[in-house]
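The values are calculated or read from the model by the stated rules, or taken from the named source; none is laboratory data. Quick caveat, the model's predicted, so the values are computed rather than measured. A quick note on method: Cβ atoms are made from the backbone with ideal geometry, for glycine too, and the neighbour counts reach across all protein chains shown.
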Amino acid sequence: MKLMDILNINDVVPLIEGKKVVFVTGVTGQDGSHMADYLLTNTDYFIVGGARRLSIKNHENIKHLEHTPRFKLVNFDLSDAHSISKIVEKLKPEYFINLAAQTFVGSSWDFPAQTWECNTTGVIHILEAIRQHKPTCRFYNAGSSEEYGNVAYVPQDENHPSKPRSPYGASKSAARQLVKVYRESYCMLYKVCCLITKVPEEEKSLSLVRLLREWLELKKQYLKVNRFNQLNWVMLKLKEIGVMPKTL
Ligand SMILES: NC(=O)c1ccc[n+]([C@@H]2O[C@H](COP(=O)([O-])OP(=O)(O)OC[C@H]3O[C@@H](n4cnc5c(N)ncnc54)[C@H](O)[C@@H]3O)[C@@H](O)[C@H]2O)c1
């Protein structure tokens with residue numbers, strides 16, 4: 001077995017025995033590959049990346065992880081509820097970070113149903129799998145500024161209405177609502193945003209809005225990738241440090 005082979009879930013199980021796992025989907029993409037780097041550098045978790053098996057590999061973003069024993073790839077597709085359920089059941093991850101999506105706004109006009117299938121129905125599959133097999137798992141789903149679409153004011157905050165203008169924006173907006181419903185109905189630890197094992201003192205006092213603004217700004221400028229991922233990790237851990245906002 002080569003290190004960067006995409007494994008079946010049953011082959012991953014013996015490798016993670018006794019280890020705490022973070023599962024990152026979309027790990028061959030831009031944000032997912034940076035997230036894997038950040039987690040491998042800054043935490044002790046075993047990182048399992050979800051990737052689709054293609055006849056020609058698209059592993060350019062993660063090829064530097066080839067000899068990283070704490071990193072493995074598992075076959076993952078957002079459109080298959082059964083396999084997602086099996087992955088959560090077998091991995092029992094501490095964190096499920098969903099960065100996989102149909103991410104091209106323009107293509108969402110050409111493939112509206114497929115965009116919805118990946119970005120919205122796919123999130124239902126994940127939420128259900130977590131609810132059934134690992135309800136204490138913390139779930140992060142990537143949102144998008146496209147949810148705000150025709151913006152009412154600048155900069156946007158968490159009170160800004162959802163006004164998507166593309167099938168992509170609508171799919172992300174609907175996914176956000178689903179995550180909210182699951183969080184409120186099942187008291188689960190879900191966020192549509194963002195990940196740190198150590199929270200710097202000054203960040204404990206940042207309001208969520210400020211964190212979000214900083215996060216979006218960093219992202220926009222593509223600055224300091226590690227700082228961006230650190231903020232994501234902070235946001236996923238907010239409850240633990242006692243500043244979980246009511247509204248997100
Ligand atoms: N990067 C940004 O500036 C930005 C902005 C707004 C929102 N987002 C959101 O953040 C997340 C990550 O974005 P990115 O820029 O890394 O995207 P990307 O296009 O670089 O990566 C997307 C990943 O999802 C995977 N994927 C696509 N369809 C899949 C499916 N059906 N099953 C499994 N995997 C599938 C792709 O193979 C790829 O690895 C996405 O949800 C995106 O919508 C990103």
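So is Val179 of a type in the set (Val, Ile, Thr), buried (at least 23 other Cβ atoms within 10 Å of the Cβ) and modelled with pLDDT of 60 or more or not? Let's see the steps before the verdict.
Values: of a type in the set (Val, Ile, Thr): yes; buried (at least 23 other Cβ atoms within 10 Å of the Cβ): yes; modelled with pLDDT of 60 or more: yes.
In short, yes.
What tally of residues in the stretch 164-191 results from selecting those that are touching a helix residue (DSSP H, G or I) at 6+ places or on another chain (Cβ under 8 Å), more than 16 Å from the ligand (Cβ to nearest atom) and not hydrophobic (A, V, I, L, M, F, W, C)?
2
Does Glu146 satisfy the criteria of being within 13 Å of the ligand (Cβ to nearest atom) and modelled with pLDDT under 95?
Taking the combined requirement at face value, the residue satisfies it.
Name, by its number, the condition in (1) in a strand (DSSP E or B); (2) surrounded by fewer than 19 Cβ atoms within 10 Å (Cβ to Cβ) that does not hold for Thr136.
Looking at each condition in turn, Thr136 falls short on (1).
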